[in-house]
1. Could you run through region 285-309 and say how many residues are under 19 Å from LEU229 (Cβ atoms), buried (at least 18 other Cβ atoms within 10 Å of the Cβ) and either at pLDDT 95 or above or among the small types (Gly, Ala, Ser) (or both)?
2. Residues that are within 27 Å of GLN57 (Cα to Cα) and of a type in the set (Val, Ile, Thr): find the strands (runs of 3 or more DSSP E) completely inside region 327-412 holding 1 or more of those.
3. Any chance you could count how many residues in region 70-118 are in contact with a helix residue (DSSP H, G or I) (Cβ under 9 Å, 6 or more places away or on another chain) and more than 15 Å from LYS133 (Cβ to Cβ)?
4. Which is farther than 22 Å from GLU400 by Cβ, in a strand (DSSP E or B), open to solvent by 40 Å² or more (accessible area, probe 1.4 Å) and in contact with a strand residue (DSSP E or B) (Cβ under 7 Å, 6 or more places away or on another chain), of VAL117, VAL103, VAL35?
5. Would you pick out the residues in region 86-100 that are assigned to a loop (DSSP other than H, G, I, E, B) and either under 25 Å from the mean Cα position of the chain (by Cα) or surrounded by fewer than 16 Cβ atoms within 10 Å (Cβ to Cβ) (or both)?
6. Within region 68-85, can one find any residue that is surrounded by 18 or more Cβ atoms within 10 Å (Cβ to Cβ), on the phi > 0 side of the Ramachandran plot and either among the charged types (D, E, K, R) or out of contact with any Phe, Trp or Tyr (no Cβ under 7 Å at 6 or more places or on another chain) (or both)?
7. Taking TYR337 and the conditions (1) open to solvent by 50 Å² or more (accessible area, probe 1.4 Å); (2) closer than 28 Å to ASN251 by Cα, which numbered condition does it fall short on, given that it satisfies the others?
8. Scan region 238-248 and give yes if some residue there is modelled with pLDDT under 90, surrounded by 18 or more Cβ atoms within 10 Å (Cβ to Cβ), in contact with a strand residue (DSSP E or B) (Cβ under 9 Å, 6 or more places away or on another chain) and more than 21 Å from LEU108 (Cβ to Cβ), otherwise no.
Amino acid sequence: MKKLSFLLLMTGLFALPGCRDYVDEYVTYTVNEPVFMSASEFRSAVDVEQPKPIEKQGKIAFYNDYLYISQPEKGIHIIDNRDPSNPRNVAFIELLGNADMHVRNNVLYADSYIDLVWFDINDPAKPVFKGRKEEVFPQALPPTENGFGIDYEKVMDRNNGIVVGWRTVERKELVRTYKPRWWSWGGLTENMVYNDAASYGGGSVGAVGSMSRFAIYQDNLYTVINNQLGIFDLSEVTPEKVAEDVPVGFNVETIFSYKNCLFMGTPTGMIIYSVEDPLKPEYQSMITHVFGCDPVVVENDIAYVTIRSGTFCGQNANSLIIVDVSNVQQPKHIVTYNMENPKGLGIDNGTLFVCDEGLKIFNAEDPSTIMHKDNILAHFKEINGLDVIPFNNVLMMIAEDGIYQYDYTDVQSIRQLSRLPIGK
């Protein structure tokens, strides 16, 4: 479907439409056309393989001394992290379309574009594929690498198969429009600008990074994909989708489970839903901010939110926002700090970790004084940190060039333990 927009520029004191000249003209535009794979081929492309080099970083999860690193759209690397000073890459799960994952009771749950799959990880070095729920994320698509539109008419036709990528094509179409002649007192102007654009417009639970779109509360997995909150019951061997998707706002990017609430990050603010009734999430409130990408983490009823510029999310804001969420229906802004370009973050027992100009570590016992020089515990520079998981005095950080780990047993003397390289 095309979206036609017209800009009419007129000069003079008053104007009246004259006769209409119909014009047939070719309009050229660029669009992302889907690349398809048959459903049978797509769903058979699951395998457990020998360890492979991590070529590109994605989401991060941690469970029972093992790290799980997604390689976007390709699969999941499994890292033996029983010795954080010497992490070992032990296995790779080939899984097309993977982006997110979570772990509960020795089961690894992961997305595969439109499907949910799960693996038995009682032996993490030898995961066993256990099952797949098809079409539970029907609108999940591979990311595009540009700002061009998407041919959704082709995308949503399942007869074509599963979308596994994009090719950029230029289209040329004949469009009939008209250019009215405008007569005016005080001068004559005829200047129409034509623009055509495609209008596509609990149990034993692991830890995940702040960029995750998967969260677990009690026996349920919650997923946020394309502004829809999905709910899956994990109490049985086979996860079941137990409720209709809940629309939760514009472009929800991240989700964090704290107490009986879900905290969601969007480009315009943090949304809070209660899951006191786990199958009927109930909206509580939203705290808005300037446009920008934002993950959120919560500890001791204090929410920490970062927003950053330089992405599709928009503006030039780079901040750390701290909010009192002791009353989730009336969250109170505490303070906003300027940052350089913050990404993922984590909080553990009053120590705050922020991926900003590398890795910054703060004493957050008093949120209103985090930036005081005495509360800046460490700053590891020259690293493009993306997301973190702090656990048991070890910080695991995924960065552009590797997986970094730090010992923060003594917060006054934080030291690097290891770096597992990422990249070809």
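1. Qualifying residue count for the region: 3.
2. 345-348, 351-354, 359-363, 385-391, 394-399, 402-407
3. 1
4. Result of the check over VAL117, VAL103, VAL35: VAL35.
5. Across region 86-100, the qualifying residues are ASN86, LEU96, GLY97, ASN98, ALA99, ASP100.
6. Yes.
7. Every listed condition holds for TYR337 apart from (1).
8. yes
The values are calculated or read from the model by the stated rules, or taken from the named source; none is laboratory data. Quick caveat, the model's predicted, so the values are computed rather than measured. With ideal geometry, Cβ positions are generated from the backbone for all residues, glycine too; neighbour counts draw on all protein chains shown. We work out accessible area using only protein heavy atoms, side chains counted, and drop any ligands, DNA or RNA first. Shrake-Rupley method; radii C 1.70, N 1.55, O 1.52, S 1.80 Å.
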